[in-house]
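For reference, the structure discussed in these notes is given below.
No lab work stands behind these numbers, since they all come straight from the coordinates. Small disclaimer: the values here were computed from a predicted structure and weren't measured. All Cβ positions, glycine included, derive from the backbone under ideal geometry; neighbour counts span all protein chains shown.
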Ligand SMILES: CC(C)(COP(=O)(O)OP(=O)(O)OC[C@H]1O[C@@H](n2cnc3c(N)ncnc32)[C@H](O)[C@@H]1OP(=O)(O)O)[C@@H](O)C(=O)NCCC(=O)NCCS
């Protein structure tokens, strides 16, 4: 079998999307594997955000799998990786890991991580070959959206001018840098704005940015119909982090209500113990549990006292 790996092109996206749904749906045992994630989208959104980090494997002239890298400044993430189920265990997944690892090296990202299924020895084994080690569980949680008033001290990124957006992006980078040196979510904020995937919420305290939440909403985004998905949320570290985190969750729920979404989805690594507990206390329940695997077994920002929502899927 001859396999070649190359950058995905726009005309490959529909095929790569079908492989992605079939692969996850088959692995998870869905009655109709193609129903996986409904009308939520990963392949097209990630390709559009960073086409130089979207790779496809070709067998014959068919796309047989894909893999992606995300650049979060000093942090580089891998996935989603998928290969066609009839070709599993023939080395294609390993081949798709290689260019993604190279891309992370080229970017100079320092901390590398991924989310995977904790119960699968195959998944853990595959990533371990590339230097990733399993650490804490990541809980993908959700709660029903309750109606709520818009709170004060909040800016919506889509409401401000282009000039002001530049300044706000700097503020976001400053908050994330305080969480983990060089952590930078500007690419995700831009992707949401440019592709119309949802909204970025900015929370203020005494004139200073106290938190941010990058949210996907509805069909065609990573959320899907009826869902507001917090792709990344963070409160500035410090004595008021816990208060800001609660306000941030309020703001996400308000956004979801305003956009007529019925569920709020947010993932958290359980090593961020206080953040995880806050979410449980607030009524979030775990729908899917995976494990964060981290290169060189480094902890990164998965540690107590860090008020961050993300799941690295
Ligand atoms: C996960 C997935 C991408 C792997 O693709 P693949 O083409 O089957 O992967 P490969 O054949 O390259 O690698 C399989 C590796 O699994 C590992 N493995 C398999 N069984 C194992 C076990 N019991 N213990 C440890 N490692 C094991 C081996 O390292 C093997 O590599 P090797 O060929 O060098 O021995 C594919 O199964 C898939 O699409 N799954 C559904 C979607 C999904 O779960 N994606 C990943 C989300 S994190």
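Details
- At R0 = 25 Å, FRET efficiency that the Cβ-Cβ distance of residue 298 and residue 177 yields, to 0.05: 0.90
- Rotationally averaged projected area of the range 89-246 (alpha carbon convex hull; nm²): 12.0
- Pairwise label distance in nanometres, residue 190 with residue 273, each label 7 Å out on the Cα-Cβ vector: 3.8
- Length-normalised contact order of the chain in % [C-alpha pairs under 8 Å, at least 6 apart]: 21
- Each principal axis of the Cα atoms in the range 3-109 has its own extent, and those three values, largest first, are 41, 29, 25 angstrom.
- Using every pair of separate Cα atoms, the Kirkwood estimate puts the hydrodynamic radius of the chain at 19.7 angstrom.
- Extension gain for residue 156 to residue 44 (0.36 nm times residue separation, less C-alpha to C-alpha distance): 37.9 nm.
- Computed E for residue 89/residue 14 - FRET, C-beta separation, R0 22 angstrom, nearest 0.05: 0.30
- The chain, helix-only ellipticity at 222 nm - DSSP H runs n ≥ 4, -39,500 (n - 2.57), divided by all residues, nearest 500: -10000 deg cm²/dmol
- Values of log10 I(q)/I(0), in the order q = 0.10, 0.12, 0.13 Å⁻¹, for the range 128-211 under a Debye, Cα-only, solvent-free model: -0.37, -0.52, -0.60
- Globularity ratio of the range 220-313, using Cα Rg and 2.2 N^0.38 Å: 1.09
- For the range 78-168, a/c is not less than 1.5, where a ≥ b ≥ c are the root eigenvalues of the C-alpha gyration tensor, and a/b tops b/c. That puts it in the prolate class.
- In the range 200-280, Cα pairs under 8 Å separated by at least six residues give a relative contact order of 26 percent.
- Residue 122/residue 34 FRET efficiency (R0 22 Å; Cβ-Cβ; nearest 0.05): 0.50
- Per residue, the convex hull volume that the Cα atoms of the range 174-230 enclose (Å³): 81
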